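The structure appears right after this line, and notes come after that.
The values are calculated or read from the model by the stated rules, or taken from the named source; none is laboratory data. Only a predicted model underlies this, so the values are computations on that prediction, with no experimental measurement involved. Reconstructed Cβ throughout: ideal geometry from the backbone, glycine too, with neighbour counts over all protein chains shown.
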Amino acid sequence: MTIEKTAAKPMELSLQDGALAALVLARALGVGDREQVDQFIEQAPGFSSDAMARLDFLDPLICDMAAATDGLEAVLDIIGATVSAPSIAPVYVLLADYIALYGKATPEEMRFLQRFGEAIGIDRLTRAALDSAAQARATSLT
């Protein structure tokens, strides 16, 4: 009897999965909680009707990967592979909006946004403009 060994197929994520993974990664790094991620996804435009089911699949996977040695970089690489030129800014804005709403703009959070932006290929000047816009949207006028 022989046992065939097959190579594991690398994980392939859709653009929506990449955006969801970014939100989960932010939460895993201490920004918000699962309820806030759920609420954000329900209110954010652009997610399909199956986004919550995909989140249920991705959440434990991304959290486990992020906790591993060099896991943050591995997850960023996976997310970066899902994002193409026309979707770079929208995906970055989703994450920046989430962090602006539920984060505290700590140096760690800003460094994470920088690393995320680098992973998806967005330049520093554009990141700064999008970060400022996200902060403005999250600021209460009351």
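Observations
- Filtering region 75-92 to residues that are in a helix (DSSP H, G or I) and closer than 18 Å to Phe47 by Cβ leaves Ile79, Thr82, Pro86, Ser87, Ile88, Ala89, Pro90, Val91, Tyr92.
- Set Leu25, Leu72, Leu95: member being part of a helix (DSSP H, G or I) and under 14 Å from Ala134 (Cβ atoms): Leu95
- Tally, over region 34-67, of residues that are among the aliphatic types (A, V, I, L, M) and not in a helix (DSSP H, G or I): 1
- Take the conditions (1) over 19 Å from Ala44 (Cα atoms); (2) among the hydrophobic types (A, V, I, L, M, F, W, C); (3) assigned to a helix (DSSP H, G or I); Ala105 misses just one of them, which is (3).
- Number of positions in region 90-117 that are in contact with a Gly (Cβ under 9 Å, 6 or more places away or on another chain) and free of Cβ contacts under 8 Å to residues at least 12 places away in the same chain: 1
- Filter result for Thr126 (of a type in the set (S, T, N, Q), in a helix (DSSP H, G or I) and surrounded by fewer than 19 Cβ atoms within 10 Å (Cβ to Cβ)): yes
- Within region 78-89, tally of residues that are touching a residue at least 40 places away in the same chain (Cβ under 8 Å) and either closer than 22 Å to Asp131 by Cβ or over 12 Å from the mean Cα position of the chain (by Cα) (or both): 8
- Selection status of Ser14, at pLDDT below 95, of a type in the set (S, T, N, Q) and under 13 Å from the mean Cα position of the chain (by Cα): yes
- Cβ pairs under 8 Å, 6+ apart, first in region 44-71 and among the hydroxyl-bearing types (Ser, Thr, Tyr), second in a helix (DSSP H, G or I) and surrounded by 10 or more Cβ atoms within 10 Å (Cβ to Cβ): Ser48/Gln16
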